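Any read-out appearing in this document is the output of simple, stated calculations on the displayed coordinates, not a laboratory observation. Keep in mind it's a predicted model, so treat the numbers as computed, not measured. All Cβ positions, glycine included, derive from the backbone under ideal geometry; neighbour counts span all protein chains shown.
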Amino acid sequence: MKWEGQRESDNVEDRRGEGPSARGGAGLGGLAGGRGLSLGGVVLALLLSWALGINPMTLLGLAQTGGSESAPAARHAPAGPPAQDAGARFVRTVLADTEDVWDAYFARSQQSYERPKLVLFSGRSDTGCGAGEAAMGPFYCPADRKVYIDLSFYDTLRERLGAPGDFAQAYVIAHEVGHHLQKLLGTSDKMEQARRRVSERDYRALSVRLELQADCFSGVWAHHSQRSKGWLEQGDIEEALNAAAQIGDDTLQRRSQGTVVPESFTHGSSEQRVRWFKRGLEAGELRACDTFKAGQL
């Protein structure tokens with residue numbers, strides 16, 4: 001992926017180096033009201049549960065039934081000059097491209113795209129959804145409309161999950177921005193309403209559809225990104241597909257516990273994640289990503 005020298009977004013807030021938060025929050029079990037939407041949460045929860053002998057459902061906090069009120073926004077010191085380490089520059093570059101793609105896509109329908117802010121943090125950070133932890137992996141908070149990422153997740157992706165490559169890392173960002181699109185389109189608000197009236201099992205089933213749609217949206221981004229920049233190199237798409245496969249619920253469960261329990265899926269199987277990313281990649285249209293009306297995922 002030829003990302004060096006491309007435009008970098010100024011919508012990145014670097015909180016790395018700030019001390020641990022003294023504010024309360026939901027901790028490792030999950031975010032408080034507003035529910036962060038996380039690609040990596042299931043990944044790291046399963047790995048931690050395997051290492052510590054803890055029920056992964058406890059780590060994920062899927063049995064929680066909190067209200068939808070968001071936590072008060074935390075105050076942070078004004079950001080200094082943009083960090084120039086490779087990780088920060090890469091994130092700013094990929095975020096900038098999602099901005100360019102979705103700006104143009106929304107403009108075709110005479111609409112404006114509201115750009116999300118991306119927060120880099122280390123270990124723990126306050127969010128509009130409660131306390132965010134690195135162990136949750138990258139996530140999107142609908143309450144403050146920000147993407148959060150601890151770059152150490154990329155080490156996990158590469159070294160423990162077998163998904164190396166810069167485009168695999170770009171896919172992670174695009175997936176979380178996909179959750180931002182769901183917020184703008186009203187989908188995540190409908191999910192929050194459904195959480196209050198459906199069973200835990202039914203909510204997990206809806207969560208799978210939500211996550212697969214974000215995968216599809218990231219495929220739509222990749223379609224337009226390559227058409228406009230031509231910056232993908234041989235093997236880049238395969239990196240994203242491999243990343244989608246490695247973080248499928250069935251693959252993670254098989255790796256961590258030796259068995260697969262489809263009823264506990266929250267993000268979709270490896271096959272489903274790959275299929276929906278490819279669907280968005282091939283179609284290049286958001287309307288191709290309606291997982292909620294799909295008879296078969």
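Cα to Cα, under 20 Å, and not fewer than 8 places away if on the same chain: which lysines meet these conditions relative to residue 183? Within the straight-line limit of under 20 Å, residue 183 reaches these lysines: 117, 146, 293.
Taking Cα pairs under 8 Å and at least six residues apart, what relative contact order does the stretch 94-147 come out at, in percent? Each step should come with its number before you reach the end.
Numbers: 45 pairs, mean separation 14.7, N = 54.
Rounded, it is 27 percent for the stretch 94-147.
Projecting the Cα positions of 180, 162, 138 onto the charge dipole of the stretch 91-201 (unit charges on Cβ atoms of Lys, Arg, Asp and Glu, taken about the Cα centre) puts 180 furthest along the positive direction. Computed 3J(HN,Hα) for the stretch 148-164, one whole-Hz value per residue from the Karplus formula 6.51 cos²θ - 1.76 cosθ + 1.60 where θ = phi - 60°, is 10, 8, 9, 5, 5, 4, 5, 5, 4, 4, 7, 8, 9, 9, x, 10, x, glycine and proline marked x. Against the empirical curve 2.2 N^0.38 Å, the C-alpha radius of gyration of the stretch 118-182 lands at a ratio of 1.08.
Rounded if a/c is under 1.5, else prolate if a/b beats b/c, else oblate: with a ≥ b ≥ c from the C-alpha gyration tensor eigenvalues square-rooted, which is the stretch 217-280? Write down the numbers at each step before the final one.
Values: a/c = 4.44, a/b = 2.33, b/c = 1.91.
Judged from the Cα gyration tensor, the stretch 217-280 comes out prolate (a/c at least 1.5, a/b above b/c).
The packing ranking, built from the mean of other Cβ atoms within 10 Å per residue, places the peptides 6-15, 149-158 in the order 149-158, 6-15, highest first.
Between residue 13 and 118, 119, 120, the built amide H atoms are under 5 Å apart, and every one of these is 5 or more places off in sequence or on another chain.
Ranked highest first by the average count of other Cβ atoms within 10 Å around their residues, in what order do 173-179, 98-104 fall? Mind showing how you got there, number by number?
On the way: 173-179: 27.6, 98-104: 19.3.
Going by the mean number of other Cβ atoms within 10 Å, highest first, we get 173-179, 98-104.
At full extension, residue 202 and residue 238 could sit 9.7 nm farther apart than now, given 0.36 nm per residue minus the alpha carbon distance. For the peptides 262-268, 217-223, the ranking by packing is 217-223, 262-268, with the highest mean count of neighbouring Cβ atoms within 10 Å listed first.
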